[in-house]
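Here's the structure, in structure tokens; my notes come after.
Throughout, read-outs are computed from the coordinates displayed, never taken from laboratory work. Because the structure is predicted, anything quoted here is derived from the model rather than measured. Please note: Cβ atoms are built from the backbone with ideal geometry, for glycine as well, and neighbour counts cover all protein chains shown.
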Amino acid sequence: MIELSQGKILVIGAGIMGTGIAQVAAQTGHQVALFDAKEGANLKAIESLTKSLENLVSRGKMSPELMQTTLQNIRPIQELSDAKDVVLVIEAIVEKLDVKRALFQQLETVVSEQCILATNTSSISVTAIANGLKRPQQLVGMHFFNPVPVMKLVEVVSGLQTDPEVANAIFTLSQAWSKVPVHTKSTPGFIVNRIARPFYAEALGMLQEQVASPFEIDSCLKSAGFKMGPCELMDLIGHDTNFSVTSSVYEANFYDKRFTPSLIQKELVDGGLLGRKSGRGFYDYS
Ligand code: NAD
């Protein structure tokens with residue numbers, strides 16, 4: 001059995017998901033190295049994490065000691081080679097196959113042969129990311145949901161060549177992080193995103209037809225018992241990421257019309273209106 005409970009972890013991508021993953025890992029006692037290709041992004045992420053943990057402490061939702069340990073356990077690094085001794089890498093970078101592939105190929109030259117390589121991809125085939133790796137059996141999907149510290153589900157995604165022991169180690173680690181993992185095969189969108197795509201698509205279709213406003217759609221769905229409406233959820237996810245996921249699921253389903261990406265969402269991406277992370281999407285957060 002592969003043991004990950006004490007090991008050092010490298011999180012790559014200090015955006016919405018990487019920051020949340022680093023928090024959860026550090027909170028559970030792991031030493032976490034945080035890397036981002038964009039200069040200063042990891043420092044900015046730690047700064048905003050500090051603010052959000054301070055807020056939790058001030059509301060009595062986290063002890064000051066846990067906040068201190070969590071922050072102490074996260075180390076920003078400038079080079080991937082500064083994290084050679086990790087047992088697990090969790091990648092949370094941009095949702096693009098070629099970029100993820102190139103990163104994992106580079107990582108294989110940095111980390112040990114035993115190191116598990118996990119991708120937080122929402123939709124890209126784990127089998128395809130592993131293509132070209134020297135150790136494709138070490139690659140597995142570890143798909144968290146947003147916001148990571150709050151959402152329990154983790155999809156543990158096995159590609160064609162993933163070693164079942166590797167998938168089991170990620171399953172066990174997710175449980176140790178108080179998550180609820182589920183094993184799944186690498187098929188387009190895995191479980192949740194396969195079902196969620198038509199949910200977003202219907203909302204976007206209604207906007208295109210001017211049936212109702214984002215606020216009206218969200219209000220209706222919430223009154224019907226959903227925790228969030230589709231428009232505010234897309235703003236939370238980030239339209240760039242959501243659009244990439246839809247495009248990837250559409251392509252992976254041989255351009256099945258049900259998964260056609262929306263022009264409305266493309267326009268938001270083109271205009272840099274990415275949702276909460278840019279300050280404006282369907283709603284204004286400034
Ligand atoms: P994000 O845009 O908030 O952050 C991505 C970060 O990766 C950025 O800081 C960027 O500078 C960095 N980056 C890009 N290319 C890089 C590279 N080659 N090397 C190192 N760093 C690089 O994106 P996010 O929402 O955190 O999404 C990250 C991944 O997680 C994507 O694969 C996405 O599909 C997946 N995901 C997102 C959500 C969500 O709700 N946003 C949920 C589950 C999974």
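With all pairs of different alpha carbon atoms counted, what Kirkwood hydrodynamic radius in Å does the range 154-241 show?
15.2 Å
Which three semi-axes in whole Å describe the equivalent ellipsoid of the range 9-185, each the square root of 5 times a Cα gyration tensor eigenvalue, listed largest first?
Output for the range 9-185: semi-axes of 26, 18, 14 Å.
How high is the FRET efficiency from residue 222 to residue 43, r the C-beta distance, R0 30 Å, rounded to 0.05?
Once rounded, the FRET efficiency stands at 0.25.
Karplus couplings for the range 279-286 from phi (6.51 cos²θ - 1.76 cosθ + 1.60, θ = phi - 60°), rounded to Hz, Gly and Pro as x?
Going residue by residue, I get x, 8, x, 5, 10, 9, 10, 6 Hz, with x marking Gly and Pro.
How long are the three semi-axes of the equivalent ellipsoid of the range 210-286, in whole Å, if each is the root of 5 times an eigenvalue of the C-alpha gyration tensor, listed from largest down?
One finds semi-axes of 21, 17, 11 Å for the range 210-286.
For the range 9-80, what does the equivalent ellipsoid look like in terms of its semi-axes, each the square root of 5 times an eigenvalue of the Cα gyration tensor, given largest first in whole Å?
Values for the range 9-80, descending: 21, 12, 9 Å.
When the dipole is taken about the Cα centre of the chain, and only Lys, Arg (+1) and Asp, Glu (-1) are charged at their Cβ, what size is it in debye, to the nearest 20?
For the chain, the charge dipole is close to 340 debye.
At 0.36 nm per residue, minus the direct Cα-Cα distance, what do residue 257 and residue 211 gain on full extension? Give it in nm, one decimal, please.
Full extension from residue 257 to residue 211 adds 14.5 nm.
Would you calculate a helix-derived [θ] at 222 nm for the chain, using -39,500 (n - 2.57) for each DSSP H run of n ≥ 4 and dividing by the full residue count, to the nearest 500?
My calculation for the chain gives -13500 deg cm²/dmol from helical runs alone.
For the range 9-185, calculate the relative contact order in percent as a whole number, restricting contacts to Cα pairs under 8 Å that are 6 or more residues apart.
Relative contact order, the range 9-185: 20 percent.
For a paramagnetic label modelled at 7 Å from the Cα of residue 66 toward its Cβ, which residues of the range 1-23 fall within the zone defined by backbone nitrogen distances under 15 Å?
23, by backbone N distance to the label point.
Need one number: convex hull volume per residue for the range 97-236, Cα atoms only, in Å³.
Once divided by residue count, the hull of the range 97-236 is 121 Å³.
Taking amide H positions as placed in the peptide plane 1.01 Å from N, state which residues far from residue 116 in sequence (5 or more) or on other chains have amide H under 5 Å from it.
88, 89
Full-extension gain between residue 187 and residue 236, please, as 0.36 nm times their residue separation minus the C-alpha to C-alpha distance.
So the chain would gain 15.2 nm between residue 187 and residue 236.
R0 = 51 Å: FRET efficiency of residue 165 with residue 79, Cβ-based, nearest 0.05?
Between residue 165 and residue 79 the formula returns 0.95.
At 7 Å along Cα-to-Cβ for each site, give me the label-to-label distance between residue 264 and residue 195 in nm.
Placing both labels 7 Å beyond Cα along the Cβ direction yields 2.4 nm.
Longer than 26 Å from Cα to Cα, which of 179/257; 8/134; 38/257; 8/51 are they? Say none if no pair is.
179/257; 38/257
What's log10 of I(q)/I(0) for the range 172-214 at q = 0.15, 0.24, 0.33 Å⁻¹, Debye sum over Cα points only, no solvent?
Per q value, in the given order, log10 I(q)/I(0) is -0.58, -0.82, -1.02.
Provide the per-residue ³J(HN,Hα) series for the range 41-51, in order, calculated from phi with Karplus coefficients 6.51, -1.76, 1.60 and θ = phi - 60°, each as a whole number of Hz, with x at glycine and proline positions.
5, 5, 5, 5, 5, 5, 4, 6, 5, 4, 4
Compute the distance in nm between two label points, each set 7 Å from the Cα along the Cα-to-Cβ direction, one at residue 50 and one at residue 152.
Modelled inter-label distance: 3.4 nm.
Quickly rank 23-32, 187-196 as a protection proxy: mean count of other C-beta atoms within 10 Å, highest first.
Top of the packing list down: 23-32, 187-196.
Quick one: Cα centre-to-centre distance for the range 35-52 and the range 142-201, in angstrom?
If we compute the Cα centre of each part, the gap is 25 Å.
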